[in-house]
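Student: Encoded as structure tokens, here's the structure I'll be asking about.
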Amino acid sequence: MQDSGSGIDIPIDKVGIVELEKKVEIVQENKRYSFYPKISALINLPAEQRGIHMSRTSETIEEVINEVIFKPTPTIELVGDRIVKKLMERHPYTSKAEVKLEGKIIVQVRENNSRNIQKSYDISSFVRARRDKVGQIDFNYFVGASAVGMTVCPCAKEMSQEYAEEIIQTRKDIKITEEDLKKLINILPFSSHNQRSIGTIIVQIKDLTGHKVDVLDIIDVIEESMSGKIQSVLKRPEEAELVRSAHLKPLFSEDVIREMAKNFILRDFPNLEDDCKVKFKIESFESIHPHNVYAELKTTVGDLKKKLKISH
């Protein structure tokens, strides 16, 4: 029935299944973690065909997931790659297919060099396939990760510093030189409003076999680009140190975007070509406003290197 005429000859851009929940084990040389993605697999439909063979799509995903159970994959991109290639093979009438895996990973991390804890992160993989008129298929791959960090508002901190300086200068019982006052103002941590912020990096991958982009490394880049790294358990001295250090590194959302871009390039991921696309974004859950703050940068690896004056 699916192969019968459509009756209304209008092509459809995307048809398939979405929100299929699975578990995938990712195994590398010295790392192992579980990934719980929601999988979507979509193809386009020619105008003259009534419907797609939907069971072929679900069967494809089940087969690939079962393969991964017996032979764990080193990267999430390879799971999407296996699915999309089988989709193109089993749906010869389609010219485009896309597969997306989005979900959480649970990893074991060492916090404050004193205890092991589990942390969850959102990661994603996206692959798009396009078949040309002679049957050649071109593939585009993207991998991404999100992490939560702490940001401190530089503007509010500066106002707190100015207020403290003004108070000290007007106190007759405090004798301090202007030079020493400036030193103290720059050394002491001052209050500001702070918030949790979610940073995201998505990078294009051209060569699945040669690239060395690990989602855990992307997560490291995001976390180190914030004012502070949030932690599950904090003893009193640790809490004091986190607050103090975060307030010594105040950042706007715009600053975090630029920090992520700089740290991503400085990480020097191997085999990323200059024309590979990269997307950086952040959403800050403002503590003193009824709205969130959002910033985004879309660029390429080569363009970032030029702007940061980093030699190829």
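The values are calculated or read from the model by the stated rules, or taken from the named source; none is laboratory data. Treat the numbers as computed from the prediction; the structure is a model and nothing was measured. All Cβ positions, glycine included, derive from the backbone under ideal geometry; neighbour counts span all protein chains shown. For accessibility, only protein heavy atoms count, side chains too; no ligands or nucleic acids. Shrake-Rupley method; radii C 1.70, N 1.55, O 1.52, S 1.80 Å.
Student: Starting from residues that are at pLDDT 95 or above and within 24 Å of Gln108 (Cα to Cα), keep the ones in the range 233-286 and report whichever is most open to solvent (accessible area, probe 1.4 Å).
Tutor: Asn263
Student: Of all residues in the range 103-120, which are at pLDDT below 95 and of a type outside the set (D, E, K, R)?
Tutor: Ile105, Ile106, Val107, Gln108, Val109, Asn112, Asn113, Ser114, Asn116, Ile117, Gln118, Ser120
Student: Quick one: Gly7 ticks every box in (1) open to solvent by 60 Å² or more (accessible area, probe 1.4 Å); (2) out of contact with any Leu (no Cβ under 9 Å at 6 or more places or on another chain); (3) modelled with pLDDT of 85 or more; (4) more than 17 Å from Thr94 (Cβ to Cβ) bar one, so which box is it?
Tutor: Failed condition: (3).
Student: Here's another thing I want to ask about it. Filter the range 70-97 for residues that are in a loop (DSSP other than H, G, I, E, B) and either under 27 Å from Val215 (Cα atoms) or touching a helix residue (DSSP H, G or I) at 6+ places or on another chain (Cβ under 6 Å) (or both) and give the result.
Tutor: Matches in the range 70-97: Lys71, Pro72, Pro74, Thr75.
Student: When you scan the range 229-262, how many residues do you find that are without any contact (Cβ under 8 Å) to a residue 24 or more places away in the chain, part of a helix (DSSP H, G or I) and among the aliphatic types (A, V, I, L, M)?
Tutor: 1
Student: Within the range 34-57, track down each residue that is touching a helix residue (DSSP H, G or I) at 6+ places or on another chain (Cβ under 8 Å) and in a strand (DSSP E or B).
Tutor: The answer is Phe35, Pro37, Ile39, Ala41, Ile43.
Student: Let me ask something else. Within the range 127-147, can you find the residues that are of a type in the set (A, V, I, L, M, F, W, C), under 24 Å from Gln28 (Cα atoms) and either in contact (Cβ under 8 Å) with a residue 60 or more places away in the chain or assigned to a loop (DSSP other than H, G, I, E, B) (or both)?
Tutor: Phe142, Val143, Ala145, Ala147
Student: Among the residues of the range 287-298, which ones are loosely packed, with under 14 Cβ neighbours inside 10 Å and at pLDDT 95 or above?
Tutor: Tyr294, Glu296, Lys298
Student: Moving to a separate point now. Test each condition in (1) open to solvent by less than 20 Å² (accessible area, probe 1.4 Å); (2) within 24 Å of Gln108 (Cβ to Cβ); (3) of a type outside the set (D, E, K, R) for Ile230 and report the one that comes out false.
Tutor: (1)
Student: Counting only residues that are open to solvent by less than 20 Å² (accessible area, probe 1.4 Å) and aliphatic (A, V, I, L, M), which one in the range 130-145 is farthest from the chain's Cα centre (by Cα)?
Tutor: Val143
Student: Here's a follow-up. Looking for something assigned to a helix (DSSP H, G or I), of a type in the set (Gly, Ala, Ser) and out of contact with any Pro (no Cβ under 6 Å at 6 or more places or on another chain) - is there at least one such residue anywhere in the range 209-228?
Tutor: no
Student: Kindly provide the set of residues from the range 203-213 that are open to solvent by 20 Å² or more (accessible area, probe 1.4 Å) and touching a residue at least 24 places away in the same chain (Cβ under 8 Å), ordered by number.
Tutor: Lys206, Asp207, Leu208, Lys212
Student: Something else about it: Pick out the one residue from Val148, Val127 that is crowded, with 17+ Cβ neighbours inside 10 Å and in contact with a Ser or Thr (Cβ under 8 Å, 6 or more places away or on another chain).
Tutor: Val148
Student: Sticking with this one: Among the residues of the range 171-202 satisfying the criterion of being β-branched (Val, Ile, Thr) and open to solvent by 30 Å² or more (accessible area, probe 1.4 Å), which is farthest from Met260 (Cα to Cα)?
Tutor: That would be Ile174.
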